[in-house]
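The values are calculated or read from the model by the stated rules, or taken from the named source; none is laboratory data. Bear in mind the structure is a predicted one, so any value in this text is a computation, not a measurement. Cβ placement follows ideal geometry from the backbone for every residue including glycine, while neighbour counts extend to all protein chains displayed. Ligands, DNA and RNA are stripped out before the accessible areas are found, and what is left, the full protein with its side chains, is counted by its heavy atoms. Shrake-Rupley method; radii C 1.70, N 1.55, O 1.52, S 1.80 Å.
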Amino acid sequence: MPRVMTSNGYAIGYAEPGGGDAIPIVFLHGVGSDKSVWRPQLEHFSGERRTVAFDYPGYGDSDPAPEGTTRDDYASAIISAMHELGVDRAHVCGLSLGGVVAIAMHHADAGRCASLILADTFAVHPDGRAIYDRSIAASGDLRAMAEARVDVLLAQPADPQIRSEVVETMARIDPTAYRIGAEAVWLADQADRARDIKVPTLVLCGSEDKVTPPALSTELERLITDARYQPIDRAGHLTNLEQPDAFNKLVADFIRAVDTPGA
């Protein structure tokens with residue numbers, strides 16, 4: 001997979017199918033995955049526009065991240081990678097940790113964001129400290145953690161192929177990178193940053209998400225000016241994998257409206 005060097009010294013892994021003149025779309029993964037989680041979206045959207053899914057520092061094909069790396073460092077790395085790839089402005093779609101990073105990106109450089117799609121995420125998680133503590137305690141064996149958590153992440157009964165994919169992806173993550181990512185997501189408090197968002201924003205959440213329940217998405221809708229919330233039925237925390245057709249249609253309709261206002 002290709003990599004791009006960023007201004008803060010990381011080589012970042014990315015996947016980029018597609019092309020065209022439409023505003024690109026950038027995808028940001030969760031704490032327990034990598035850019036490969038966006039395969040259904042890359043396949044769907046690459047026929048009409050540039051589509052770029054990034055790894056964070058420490059994840060996937062990226063360079064390792066040093067201890068102390070923060071969500072703002074992730075955001076800075078993605079913004080720099082976009083610049084190096086000639087993506088001056090994009091629809092930014094993040095799931096879970098990806099949504100946290102998307103909010104941090106908007107805070108750092110709002111002009112890069114044509115819109116935000118915030119899926120199964122939050123501004124601040126009321127149980128974030130407890131989830132973080134449990135994650136750190138179990139992070140020595142990520143395969144065991146994945147096997148223990150996968151049925152909480154996915155709506156039941158889960159598709160066996162998706163279940164296996166989720167376990168294998170999480171099992172590949174470096175434990176240090178996972179601990180850094182866990183702090184970046186679960187200890188986030190970005191309510192003030194969410195209130196400052198002025199770009200068009202779509203908030204999505206699986207109706208059966210037990211990790212970041214729909215109430216956290218409706219809170220995002222309340223915090224963000226003119227945000228629109230859409231639940232996705234029969235999906236848990238990984239809506240883009242569990243219900244890709246519904247996810248893709250909601251995102252496609254939203255970004256098409258942003259691209260052609262008044263049409």
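A few comments on the model shown:
- Filtering the range 21-36 to residues that are touching a residue at least 40 places away in the same chain (Cβ under 8 Å) and buried (at least 22 other Cβ atoms within 10 Å of the Cβ) leaves Pro24, Ile25, Val26, Phe27, Leu28, His29, Gly30, Val31, Gly32, Ser33, Asp34.
- Positions within the range 217-263 being among the β-branched types (Val, Ile, Thr), outside any loop (DSSP other than H, G, I, E, B) and open to solvent by 20 Å² or more (accessible area, probe 1.4 Å), in sequence order: Thr218, Val258
- The set of residues in the range 171-211 that are farther than 26 Å from Ala137 by Cα, of a type outside the set (S, T, N, Q) and without any contact (Cβ under 8 Å) to a residue 60 or more places away in the chain comprises Asp192, Arg195.
- Every residue from the range 93-119 that is farther than 15 Å from Gly181 by Cβ, open to solvent by less than 10 Å² (accessible area, probe 1.4 Å) and either of a type in the set (A, V, I, L, M) or in contact with a Lys or Arg (Cβ under 7 Å, 6 or more places away or on another chain) (or both): Ile103, Met105, Ala114, Leu116, Ile117, Leu118, Ala119
- Any hit, the range 38-45, residues being aromatic (Phe, Trp, Tyr) and either more than 19 Å from Tyr178 (Cβ to Cβ) or not in a loop (DSSP other than H, G, I, E, B) (or both): yes
- Some residue of the range 55-64 being open to solvent by 50 Å² or more (accessible area, probe 1.4 Å) and either farther than 26 Å from Asn248 by Cα or of a type in the set (Phe, Trp, Tyr) (or both): yes
- Top-ranked residue of the range 71-89 - restricted to ones that are buried (at least 24 other Cβ atoms within 10 Å of the Cβ) and small (Gly, Ala, Ser), ranked as farthest from Val4 (Cα to Cα): Ala75
- When the range 132-167 is filtered for residues that are in contact with a helix residue (DSSP H, G or I) (Cβ under 8 Å, 6 or more places away or on another chain), in a helix (DSSP H, G or I) and of a type in the set (Asp, Glu), the ones remaining, listed by number, are Glu147, Asp151, Glu165.
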